[in-house]
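Every number in this text was worked out from the coordinates using simple rules, so none of it is lab data. Everything quoted here is computed from the prediction, not taken from an experiment. A quick note on method: Cβ atoms are made from the backbone with ideal geometry, for glycine too, and the neighbour counts reach across all protein chains shown.
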């Protein structure tokens, strides 16, 4: 039977809900998962390599790619453009390789509304409580109080779009959420649409059945 089509796996959540940890666990679980490398118009930072952290493009090239339909999703953030190049994703899913996206609800909507939308699996991660969300942001010790306050203000905007996703998981227990996430991915890989060889197989069964009559 023909190899299955790949999935565009989208994970979204407010900052602090555990998305990065779950993304890392998912990639450790299945090393064949491709992580979508975004394109950006910002300059590379020290130690960053083109094609590894980002695809670094000029603003002119980025806008041209958008106009040509070569970006699955894009946005302008703090004066720079960011987006997901379509070509590598298209190639991966046609070869049966899944692509993982760590993007917000706006990017998720753009991908779901694109030509590749039918092959999308979208999952939103919710925190068990707002108090716990704040505690996680504080205890990880990466941001100032001002930055944390900004992330908290933005969190409700993210959470308000939870109903636009295929699946929603409340991350109150990391191991349990991790197990559920893997179950969802495994089930989605078996969706009828992801198995292009099924039509030919059913036609073969029909032919065999008719030969027996």
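For the chain, take the longest principal axis of its alpha carbons; what is the angle in degrees between that and the long axis of helix 130-139, to the nearest 10 within 0 to 90?
70
Tell me the angle of helix 19-29 to the major Cα principal axis of the chain, expressed in degrees between 0 and 90 and rounded to the nearest ten.
Long axis of 19-29 versus the principal axis of the chain: about 40 degrees.
Compute a Gaussian network model of the chain, connecting alpha carbons closer than 10 Å, and tell me which residue from 17, 188, 176 fluctuates the most.
Maximum fluctuation in the GNM of the chain, among the listed residues, is at 176.
Could you tell me the distance between the Cα centroids of the range 27-72 and the range 142-192, to the nearest Å?
Centre-to-centre distance over Cα atoms comes out at 23 Å.
Return the Rg/Rh value of the range 23-86, two decimal places, where both radii are evaluated on C-alpha atoms and Rh is the Kirkwood radius. Don't skip to the answer; put the middle values down first.
Numbers: Rg = 13.1 Å, Rh = 12.7 Å.
Result: Rg/Rh = 1.03.
Label residue 64 and residue 213 with points 7 Å out from Cα along Cα→Cβ: what is the distance between them in nm?
Here the answer is 5.9 nm between the modelled labels.
What residue among 65, 143, 178 has the largest mean-square fluctuation in a Gaussian network model of the chain, using Cα springs under 10 Å?
143
Hey, if you drop one equal point scatterer on each alpha-carbon of the range 1-118 and run the Debye formula without solvent, what base-10 log of I(q)/I(0) do you get at q = 0.16, 0.22, 0.23 Å⁻¹?
-0.81, -1.43, -1.49
Where does the chain land at 222 nm, in deg cm²/dmol rounded to the nearest 500, when only DSSP H runs of n ≥ 4 count, each adding -39500 (n - 2.57), divided by all residues? Don't skip to the answer; put the middle values down first.
Working: 8 runs with 92 residues, N = 213.
My calculation for the chain gives -13000 deg cm²/dmol from helical runs alone.
For the chain, report the translational diffusion coefficient in µm²/s to the nearest whole number, using Stokes-Einstein at 37 °C, 0.692 mPa s, and a Kirkwood Rh over Cα pairs.
Values: Rh = 19.0 Å.
Calculated translational D: 173 µm²/s.
Connecting C-alpha atoms closer than 10 Å in a GNM of the chain, tell me which of 73, 164, 146 has the biggest fluctuation.
Between 73, 164, 146, it is 146 that shows the largest mean-square fluctuation.
Using Cα atoms only, what is the angle between the long axis of helix 145-159 and the major principal axis of the chain, expressed in degrees (0 to 90) to the nearest 10?
30
Taking each pair of different alpha-carbon atoms in the range 131-180 once, compute 1/r for the pair, average those values, and report the inverse of that mean as the Kirkwood hydrodynamic radius in Å to one decimal. Before the final figure, lay out each step's value.
Values: mean 1/r = 0.0796 Å⁻¹.
Its Kirkwood hydrodynamic radius stands at 12.6 Å.
Hey, rough spin-label estimate for residue 95 and residue 147, points 7 angstrom out along Cα→Cβ, what's it come to in nanometres?
3.6
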